[in-house]
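Report on one structure; see the data block that follows.
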Amino acid sequence: MRLFLAVDLPLPMLQQVADGVEELRKSAGSGRQFRWLGTDNLHITLKFLGEVEESQVNQLSGCCASIEWSGFGLKLGGSGYFPSVNRPRVFWQGFSAGIDEMRGLLARVERCAAGIGVLKDSRPYTPHLTLARIKPSKDGNAVAAFRQIQKEADDLLPVGSSFPVTTFSLYQSQLTPAGAVYTRLDTFLARII
């Protein structure tokens, strides 16, 4: 099973982000390389686990349920591109507060992942919402277009809005020709330290 752990946005915040993404989709038009994510696929990935044996899911869930952590707040920040605006593959919205708390939660989750043989990611963790995936382009004007979309995003998305994080969830990701389909398998509540 292809699995990941993620933080979900509360429904009102999710709707605000989805409305902003819809406006960006209209603005970008159909001729560009953006593949915008639907509302069902907007989340903050905590840890991508990859392929996990079905027999290990209960062990992982039990470990995640036993994590002691306090709820905290996240504040939405500006948008950006991974790995860069010059070679974008992912368009995202970041956070301006709550980042250290997300990294602290990830450190606890890493211990559970290690228990089922999933290695720690070597890249630094940057909490974000993936808004779109981007097809590579050889168009010399693409960078200017990407910068324009980013400028519009910071006006259309709920930058500066805050929300509480009191749960994270285990998801299964099934790849289909129409895109990934996510199924929530379990949810874990904050347990005050």
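The values are calculated or read from the model by the stated rules, or taken from the named source; none is laboratory data. Nothing here was measured: the structure is a model prediction, and the numbers come from that model. Glycine gets a Cβ as well: all are built from the backbone with ideal geometry, and neighbour counts include every protein chain shown.
Yes/no matrix, rows are residues, columns are (1) surrounded by fewer than 18 Cβ atoms within 10 Å (Cβ to Cβ); (2) of a type outside the set (S, T, N, Q):
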site	(1), (2)
Phe4	no, yes
Leu14	yes, yes
Glu23	yes, yes
Phe34	no, yes
Ser55	yes, no
Leu60	no, yes
Gly77	no, yes
Asn86	yes, no
Residues that are closer than 16 Å to Phe48 by Cβ and part of a loop (DSSP other than H, G, I, E, B), drawn from the range 87-99: Arg89
Over the range 178-193, the set of residues surrounded by 11 or more Cβ atoms within 10 Å (Cβ to Cβ) and either at pLDDT below 85 or of a type in the set (A, V, I, L, M) (or both) is Gly179, Ala180, Val181, Leu185, Leu189, Ala190, Arg191
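Quick one: which strands (runs of 3 or more DSSP E) lie wholly within the range 114-193 and hold at least 3 residues that are polar (S, T, N, Q)?
167-176
Being of a type in the set (S, T, N, Q) and either surrounded by 12 or more Cβ atoms within 10 Å (Cβ to Cβ) or closer than 25 Å to Ser96 by Cβ (or both) is the filter here, so list the residues in the range 118-144 that pass it. So that I can check it myself, show each step before the final result.
We begin by selecting, within the range 118-144, every residue of a type in the set (S, T, N, Q); these are 122, 126, 130, 137, 141.
Scanning the range 118-144 gives Thr126, Thr130, Ser137.
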Residue list for the range 1-40, restricted to those being in contact with a helix residue (DSSP H, G or I) (Cβ under 9 Å, 6 or more places away or on another chain), in a helix (DSSP H, G or I) and more than 23 Å from Pro88 (Cα to Cα): Leu14, Gln15
Take the residues in the range 100-145 that are without any contact (Cβ under 8 Å) to a residue 60 or more places away in the chain and either among the hydroxyl-bearing types (Ser, Thr, Tyr) or touching a Gly at 6+ places or on another chain (Cβ under 6 Å) (or both), then tell me which one is farthest from Glu54 (Cα to Cα). Thr126
Go through the range 36-48 and give me each residue that's at pLDDT 95 or above and either surrounded by fewer than 18 Cβ atoms within 10 Å (Cβ to Cβ) or more than 18 Å from the chain's Cα centre (by Cα) (or both). Thr45, Phe48
Among the listed residues Lys47, Lys75, identify the single one that is under 22 Å from His128 (Cβ atoms), charged (D, E, K, R), part of a strand (DSSP E or B) and touching a Ser or Thr at 6+ places or on another chain (Cβ under 7 Å). Lys75
Residue hits (the range 69-99; among the aromatic types (Phe, Trp, Tyr), touching a residue at least 60 places away in the same chain (Cβ under 8 Å) and under 19 Å from Ala144 (Cα atoms)) are Tyr81, Phe91
Out of Gly20, Gly29, report the one residue that is within 28 Å of Ala145 (Cβ to Cβ), in contact (Cβ under 8 Å) with a residue 60 or more places away in the chain and of a type in the set (Gly, Ala, Ser). Gly20
Would you mind telling me which numbered condition in (1) in contact with a Gly (Cβ under 8 Å, 6 or more places away or on another chain); (2) not in a helix (DSSP H, G or I) Gln59 fails? (2)
